[in-house]
1. Do we have any residue at all in segment 77-91 that's touching a helix residue (DSSP H, G or I) at 6+ places or on another chain (Cβ under 8 Å), in contact (Cβ under 8 Å) with a residue 24 or more places away in the chain, more than 14 Å from the ligand (Cβ to nearest atom) and under 26 Å from ALA173 (Cα atoms)?
2. Within segment 141-164, track down each residue that is in a helix (DSSP H, G or I) and more than 23 Å from SER72 (Cα to Cα).
3. Any chance segment 146-155 includes a residue that's among the polar types (S, T, N, Q) and surrounded by fewer than 17 Cβ atoms within 10 Å (Cβ to Cβ)?
4. Whether any residue in segment 115-124 is surrounded by 19 or more Cβ atoms within 10 Å (Cβ to Cβ) and either part of a helix (DSSP H, G or I) or modelled with pLDDT of 85 or more (or both) is what I want to check.
5. From the list MET101, MET56, which residue is surrounded by fewer than 17 Cβ atoms within 10 Å (Cβ to Cβ) and in the same structural domain as THR136 (by TED's automatic domain parsing)?
6. Whether any residue in segment 122-133 is within 14 Å of the ligand (Cβ to nearest atom) and over 18 Å from the mean Cα position of the chain (by Cα) is what I want to check.
7. Any residue in segment 102-115 that's free of Cβ contacts under 8 Å to residues at least 40 places away in the same chain: show its pairings with residues that are assigned to a helix (DSSP H, G or I) and more than 10 Å from the ligand (Cβ to nearest atom) at Cβ separation under 8 Å, as long as the two are six or more apart or on different chains.
8. Exactly one condition in (1) in contact with a Pro (Cβ under 7 Å, 6 or more places away or on another chain); (2) within 16 Å of SER15 (Cβ to Cβ); (3) not β-branched (Val, Ile, Thr) is not met by LEU176; state its number.
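The values are calculated or read from the model by the stated rules, or taken from the named source; none is laboratory data. Just so it is clear, the model here is predicted, and its values are computed rather than measured. Every residue, glycine among them, receives a Cβ derived from its backbone with ideal geometry; neighbour counts consider all protein chains shown.
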Amino acid sequence: MQAGKPILYSYFRSSCSWRVRIALALKSIDYETIPINLIKDGGQQFSEEFQALNPMKQVPALKIDGITIGQSLAIIEYLEETRPTPRLLPRDPKKRAHVRMISDLIAGGIQPLQNLSVLKQVGQENQLTWAQKAITSGFNALEQILQSTAGRYCVGDEVSMADLCLVPQVANAERLSRHPWSPISEALLSIWLSPEPPPPNSDKPDLLHKNQKCV
Ligand SMILES: N[C@@H](CCC(=O)N[C@@H](CS)C(=O)NCC(=O)O)C(=O)O
C-alpha cells in the first residue's frame, strides 16, 4: 500500500493525543492533522467515518506506513520501533519496565477515569469530586514511584514515554484539582511546561503548554 505523510486524528484538548503529538515532535516526524472535535456535532468521534478508523470512538488514531493505529501507547511504541531516534524507551530493560509502568499507570489508571464518556456517566453534579478522587489516588501512587525512578525526568535523566504521559496528565490535573505537587513533579513541570497558552485552533505539535485544557 502507498504510504504518504502520516495523518494524526486528534483533538487539541485531548491528553492522549497530546502524548502522541509530543512523540511526533521529538522524533521530527512530519505529519498532517485531522481534527476530531469531541464536543461539536454531538462528538465527531461518533461519526461512521471515524468509527471505521477507530472502533473505540476515541482520539488519537494515526495513519502511518499504510496502517491505522489507535491507542496512544501503541502508537508511541510503533514510532519508537520504526523511528528509533531519539529514544523514548530506554535500552536498559529495568528502566524500560519503569517507563512502561508509569505510562500504564497514567494511561490506564488515571486518564480513563476522567474521560469525557465516563464523566458523562458520572453526571454533572459529581464530576469534579469524581475526577479529583481519581487524580489524588493516581498521583499519590505516581509520586511514590517517581521518588525511586526519577532523575531529571520520570525515569533517570532521559526523556521517555513516561514523560509524554505525565505532562498532559498534570496539565489536566491542574485544571481539576488542588493536588499538592511534590518537588519531583514541580521540577518536571518547570522543565516541561512553558507559560504560553496554546495557539488558537491549535492542533500542531504544541509540545508543552501549561494552559492547555485536556480531556
Ligand atoms: N487508551 C486510549 C484512550 C483514548 C481516549 O480516552 N481518548 C479521549 C480523549 S483523551 C477520547 O477520545 N474521548 C472521547 C469520549 O470520551 O467520547 C489511548 O491511550 O489512546
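1. Yes, that holds for at least one residue.
2. Of everything in segment 141-164, those that are in a helix (DSSP H, G or I) and more than 23 Å from SER72 (Cα to Cα) turn out to be GLN144, GLN147, SER148.
3. yes
4. Looking through segment 115-124, none of the residues is surrounded by 19 or more Cβ atoms within 10 Å (Cβ to Cβ) and either part of a helix (DSSP H, G or I) or modelled with pLDDT of 85 or more (or both).
5. MET101
6. Yes: one or more hits.
7. Note: pairs meeting the criteria are GLY109/GLY138; GLY109/ALA141; LEU113/TRP130; LEU113/ALA131; LEU113/ALA134; LEU113/GLY138.
8. Only one criterion in (1) in contact with a Pro (Cβ under 7 Å, 6 or more places away or on another chain); (2) within 16 Å of SER15 (Cβ to Cβ); (3) not β-branched (Val, Ile, Thr) is unmet by LEU176, namely (1).
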